[in-house]
Amino acid sequence: MRSFGTTIFAEMSALAARTGSINLGQGFPDTDGPPAMLERAIEAIRAGVNQYPPGPGLPELRQAVADHRMRHYGLAYDPDGEVLVTVGATEAIAASVLALCEPGEEVIAFEPYYDSYAASVALAGARLVAVTLRPEGGRFTFDPAELRAAVSPRTRAVLVNSPHNPTGTVFTRQELEQIAAVCRDHGLVAITDEVYEHLVFDGVEHIPLATLPGMRERTVMISSAGKTFSVTGWKTGWICAPAPLVRAVQTVKQFLTFTAGGPWQLAVAHALRHELAWVAALRESLESKRDRLMEGLTAAGFGVLKPLGTYFVQTDIRPLGHADGMEFTRSLPELAGVVAIPTQVFYDHPERGRHFVRFAFCKKDEVIDEAVTRLKRLSTR
Ligand SMILES: *Cc1c(COP(=O)(O)O)cnc(C)c1O
C-alpha cells in the first residue's frame, strides 16, 4: 500500500482549512438529511439499540432494501441471504473485491475512477485494468472496442459506477448493454457502485446493470445511504446479490468490521420507506445548484461539461490558459480562495485527465455564488 499515501481529499481539505478557502473539493453536502430520519437514529440510541447488530445487518433494513429494489427496479432479492448491510459503499466495494478476486486476477474499471477502487484491488493482490472515459458530444463515454480489448484470461470482474463520480456521466441503456455483453461473454462478475442512483437530473433514468438480461445472477449491486439521504458520516451501505456471492462477501466483511452501526440502520430503513419525497426534493435542488455552478464556471472562463448525475461538474482549464490541473488546484486557493480536485488523480493514465478539474455543487447556494464570484477573478487577472 506504500504507493497510496494520503488521498487528494485529505490534502485539498487541509489546504482549504489552512487558507480559509471555499471547499468545492470533497463531495459532502453542507445541509442535513430528512429530520424524521435523524430523529429515528436518536430514538434508536435512546431505546438501547447500542450493541452489535447481527452480521448481515438488522432485518428491518434488509427488508427495506429488498422492498426498495423491487419497487424501483422490479428486482427481487431475498432479505435473508441476498442482502448484506455494510459500513458504507466503501466497505461493500472492498469486501466484494477481496471476496471475489484472487491474487493475480484482473478487475476492469472505468477511469477516472473513485479512488478506493485501486486501493481495494491492490489489497486483494489483483490488478486494475483501466478503460478510459473520454468527452464526446459533451459527456464522458467509453469506446466499446477498448472495453473488449481490456478483457484477458485473468479478468474476473468489472467495476461499474453509474451515475459516475467524478464525471457525472449516467450510462445509457446502450452503454450498459455493451458492458453486460462483455460480462456475459467472458463469465465476469459485475460489481456496481450505484451510490448516486437517486441523484440524476434532466429526467434521465438510472438503470441498474442487474436489470439487464442475464445480469442479476452475476451482479453485486452496491448502494449506500450517504449520498441519497445526505448523511455521508453515517457510513451505512448494502449489497444485493445472489446468495453465493453474498456469502462470499460476508465471509470477508465479518473480519473487516463484523457488522455495521445499529441506530443508523433503523433510521435508514425508515428513510427508504418514507423519505423518497425528500430525496426527490434534494434531486431538484441539486439540479438547480448544478445549473448555478455551471453558469458561474462558464462565465469565469472554464470549459464546462454538463453532468447528468452526482454532485460533480468537470471543467476544462485550458480556456483559462492553464494546462495542468494539479498545479492549477494547488495554486487556486492563492489565486481565487477556492479549492477543487484535480481529476488526473483518478486515472491510471494521468495525462488523459491532466486538464480537467472537478468542482462539487452539493453546497448552499450562497457558498456556490461566493465561489463563483471569486473564480471570476481568474480571467480578469
Ligand atoms: C461517496 C462514494 C462512495 C462511498 O460511499 P460510502 O457509503 O460513504 O462508503 C463510493 N463510491 C462513490 C462513487 C462515491 O462517490
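Restricting 280, 300, 271, 323 to those that are touching a Pro at 6+ places or on another chain (Cβ under 7 Å) and either among the hydrophobic types (A, V, I, L, M, F, W, C) or more than 29 Å from residue 137 (Cα to Cα) (or both) reduces the list to 271.
Are any of the residues in region 42-54 among the small types (Gly, Ala, Ser), within 20 Å of residue 245 (Cα to Cα) and out of contact with any strand residue (DSSP E or B) (no Cβ under 6 Å at 6 or more places or on another chain)? No, that holds for no residue.
The set of residues in region 177-188 being closer than 30 Å to residue 27 by Cα and surrounded by fewer than 22 Cβ atoms within 10 Å (Cβ to Cβ) consists of 177, 178.
Of the residues in region 4-27, none is in contact with a helix residue (DSSP H, G or I) (Cβ under 9 Å, 6 or more places away or on another chain), under 24 Å from residue 262 (Cβ atoms) and buried (at least 16 other Cβ atoms within 10 Å of the Cβ). When residues in region 34-79 are screened for being in a helix (DSSP H, G or I) and farther than 17 Å from residue 273 by Cβ, 3 of them pass. So for region 347-355 (the condition being surrounded by 24 or more Cβ atoms within 10 Å (Cβ to Cβ), among the aromatic types (Phe, Trp, Tyr) and in contact (Cβ under 8 Å) with a residue 60 or more places away in the chain), does at least one residue qualify? No. One residue stands out in region 224-247 among those that are more than 11 Å from the ligand (Cβ to nearest atom) and aliphatic (A, V, I, L, M): the one that is farthest from residue 94 (Cα to Cα), namely 243.
Restricted to region 72-131, and to residues there that are within 15 Å of the ligand (Cβ to nearest atom) and more than 25 Å from residue 142 (Cβ to Cβ), the residue that is nearest to the chain's Cα centre (by Cα) is 88.
Screening the candidates 329, 343, 315, 310 for the property of being closer than 18 Å to residue 17 by Cα and under 24 Å from the mean Cα position of the chain (by Cα) yields one hit, 329.
Just to check your reading of the model, which residue among 265, 250 is open to solvent by less than 20 Å² (accessible area, probe 1.4 Å) and among the polar types (S, T, N, Q)? Result: 265 is the single residue among 265, 250 that is open to solvent by less than 20 Å² (accessible area, probe 1.4 Å) and among the polar types (S, T, N, Q).
Can residue 207 be described as modelled with pLDDT of 95 or more and either open to solvent by 10 Å² or more (accessible area, probe 1.4 Å) or under 19 Å from residue 267 (Cα atoms) (or both)? When the stated conditions are applied, residue 207 passes them. Which one is nearest to the ligand (Cβ to nearest atom), of the residues in region 190-223 that are of a type in the set (Asp, Glu) and not in a strand (DSSP E or B)? Filtering region 190-223 for residues that are of a type in the set (Asp, Glu) and not in a strand (DSSP E or B), the one nearest to the ligand (Cβ to nearest atom) comes out as 194.
Look at residue 31 and say whether it is of a type in the set (Val, Ile, Thr), more than 16 Å from the ligand (Cβ to nearest atom) and either open to solvent by 70 Å² or more (accessible area, probe 1.4 Å) or under 27 Å from residue 128 (Cβ atoms) (or both). Considered against the rule, which asks whether it is of a type in the set (Val, Ile, Thr), more than 16 Å from the ligand (Cβ to nearest atom) and either open to solvent by 70 Å² or more (accessible area, probe 1.4 Å) or under 27 Å from residue 128 (Cβ atoms) (or both), residue 31 comes out as yes.
The values are calculated or read from the model by the stated rules, or taken from the named source; none is laboratory data. Model, not experiment: these values are computed from the prediction. Cβ coordinates were reconstructed from backbone atoms using ideal geometry, including for glycine residues, and neighbour counts include every protein chain displayed. When the accessible area is computed, the model is the full protein with side chains, heavy atoms only, and any ligands, DNA or RNA have been set aside. Shrake-Rupley method; radii C 1.70, N 1.55, O 1.52, S 1.80 Å.
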